[in-house]
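Engineer: Encoded as structure tokens, here's the structure I'll be asking about.
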Amino acid sequence: MIDSSAPLPLPPADQPSARPVLTIQPGRSRRLRAGHPWLFSNEIVMDAAAKALPPGGLVTVMDAGGEKLGVATFNPHSLIAVRLLSRDWAHSVDAAFLAERLRRAVALRDTLIGRPYYRLIHAEADGLPGLIVDRYGDILTLQANTAGMELLQPLLLEALAEVLTPTGIVLKNDSPVRKLEGLELYERVARGTLAGPVELEENGARFLADLVDGQKTGWFYDQRDNRAAVARLARGRSMIDFYTYAGGFAVQAALAGATRVVAVDRSEASLALAAGAAALNGVSLETVRADSFAEMERLAAAGERFGVVVSDPPAFVKSKKDAAAGAKGYRKMTRLAAALVEPQGFLLVASCSHHMPAEQFAEEVRHGLGQAGRSGRILRAAGAGPDHPLHPHLPESAYLKALLLQLD
């Protein structure tokens, strides 16, 4: 992690009248007009002038008939070449433009969540394609996953300072998807300093997030509602949380009155965060450092059973080529986890793999239950919480799948 207070270079001032114009091929503007926020490289006139434009620069998008349809970022080297920022081409994309998008997002989250701990910006659904911002009180993590957002980062930092006056901003630009945009991976503290994990609140519980060395942007706010649903069921029951990371499911179950809570993870650092959260909340937690599959098999062989079992792993399918192996992984996970659920107990299994469709995930869960000789009923089929909204024309971006079942 690079800790630096040196300002990022500002992009050239956006002047709509002087902005490069990108033309859509004849007959290819219908999807954009209908509301989709993208154009693919085979839908635009990719002439020499277009190919010479800098990756991530701002362009005015125009149809073949000469009508200007909006302002967008453009990357001539990406399959998703155009990402629309506004359908008014005359909008200047500057710090004030970005600040207005941020204010809208803050107002929505304050309505939905009520406390300053949430995903603040969720890319296209919040009008800022390719951008992720998570909020931890007065500290923010920012992830720019496109060349356009990378160029706009200095203006984004200005806008965030104006709207939220954060004491710290961490650039977590280490996502592999950046490579598809021709971007380097890096991390940087862009504002303030971090002395260690930061504290956050979720569903009335307190947790610790490591924004420097932790996974993704430090915490997984997307499981907020699923954690609350599991916690309600854990009262008076034993509970085990596989792939616990920082203890999200485990600590909330303990607070809800679970009789025994076990948190399993292969990372000592993650278990330390979970134990720290347990201490913050005054609850008891057993931590086990182990591979989750191996621990499931060991516990089953020992005859252990739990009233609530949670298995929320990292992505098994990180690209389309991993789909077959990942599908078998979710099937095996369900089979092993289901064997640990006591009769009339509860099982939550989840997938955060973008390339694992919900229907296929549900099918693998069914197969796993069958292999375990278990049956029951689905109580809840859910995705991410409402601070992770979806763009209406990008339903495929619903990456999180979670099934909560009662097993006989």
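What follows draws every value from the coordinates through simple rules; no lab data is involved. The structure presented is a predicted model; accordingly, all values stated were derived computationally and were not measured. Cβ placement follows ideal geometry from the backbone for every residue including glycine, while neighbour counts extend to all protein chains displayed.
Engineer: Quote to one decimal, in nm, the extra length available between ARG30 and ARG115 on full extension: 0.36 nm per residue of separation minus the C-alpha distance between them.
Structural biologist: 26.6 nm
Engineer: Starting from the Cα gyration tensor of region 16-86, take the square roots of the eigenvalues, sort them a ≥ b ≥ c, and report rounded, prolate or oblate (rounded when a/c is under 1.5, otherwise prolate if a/b is larger than b/c, else oblate).
Structural biologist: The shape class here is rounded.
Engineer: Further question on the same structure: With 16 Å as the cut-off, how large is the P(r) tail for region 329-384, expressed as percent of Cα-Cα pairs?
Structural biologist: Every Cα pair in region 329-384 considered, those over 16 Å come to 38 percent.
Engineer: Which residues in region 369-386 have a backbone N closer than 17 Å to a point placed 7 Å from the Cα of ASP408 along the Cα-to-Cβ line?
Structural biologist: Hits in region 369-386 for ASP408 at 17 Å: 369-379.
Engineer: Could I ask something else about it? Can you compute the FRET efficiency between ASP213 and PHE293 using 1/(1 + (r/R0)^6), with r the Cβ-Cβ distance and R0 = 35 Å? Round to the nearest 0.05.
Structural biologist: It comes out at approximately 0.90.
Engineer: Sticking with this one: What's the angle, to the nearest 10 degrees (0 to 90), between helix 292-301's Cα axis and the longest principal axis of the chain?
Structural biologist: 20 degrees
Engineer: How far, in degrees from 0 to 90, does helix 268-281 lean away from the longest principal axis of the Cα atoms of the chain, to the nearest 10?
Structural biologist: 80 degrees
Engineer: Continuing with this model, one more query. Considering only THR165, THR287, THR146, give the residue with the highest GNM mean-square fluctuation for the chain, with springs between Cα atoms whenever their separation is below 10 Å.
Structural biologist: Ranking THR165, THR287, THR146 by mean-square fluctuation puts THR165 first.
Engineer: Here's another thing I want to ask about it. What nm distance separates the two modelled labels at THR193 and ALA161, each placed 7 Å from Cα along Cα→Cβ?
Structural biologist: 1.9 nm
Engineer: Add +1 for every Lys or Arg and -1 for every Asp or Glu among the other residues with Cβ under 12 Å from the Cβ of HIS367, and state the total.
Structural biologist: +4
Engineer: Using just the alpha carbons, could you tell me how many Å³ per residue the convex hull of region 13-155 encloses?
Structural biologist: Considering the Cα atoms of region 13-155, their hull volume per residue is 105 Å³.
Engineer: As a test of understanding, state the convex hull volume per residue of the chain from its alpha carbons, in Å³.
Structural biologist: It comes to 137 Å³ per residue, whole-number rounded.
Engineer: Mind jotting down the distance between the C-alpha centroids of region 202-275 and region 104-152, whole Å?
Structural biologist: 23 Å
Engineer: For VAL45 and GLU201, calculate 0.36 nm times their separation in residues minus their Cα-Cα distance, and state this gained length in nm to one decimal.
Structural biologist: 51.3 nm
Engineer: Still on this structure, I have one more. On a 0 to 90° scale, report how tilted helix 147-164 is relative to the longest principal axis of the chain, with both axes built from alpha carbons and the result rounded to the nearest 10.
Structural biologist: Once rounded, the angle reads 80 degrees.
Engineer: Using only C-alpha atoms and all pairs of different ones, pull out the Kirkwood radius for region 198-407 in Å with one decimal.
Structural biologist: 17.0 Å
Engineer: Going toward the positive end of the dipole of the chain, with +1 on Lys and Arg Cβ and -1 on Asp and Glu Cβ, which of GLY257, ALA13, LEU140 do you reach last?
Structural biologist: Positive-most Cα among the choices belongs to GLY257.
Engineer: How large are Rg and Dmax for region 284-380 when only the alpha carbon atoms are used, in Å?
Structural biologist: 13.4, 42
Engineer: Tell me, what is the FRET efficiency for HIS91 and LYS318 to the nearest 0.05, using R0 = 45 angstrom and their Cβ-Cβ distance as r?
Structural biologist: The value I calculate is 0.80.
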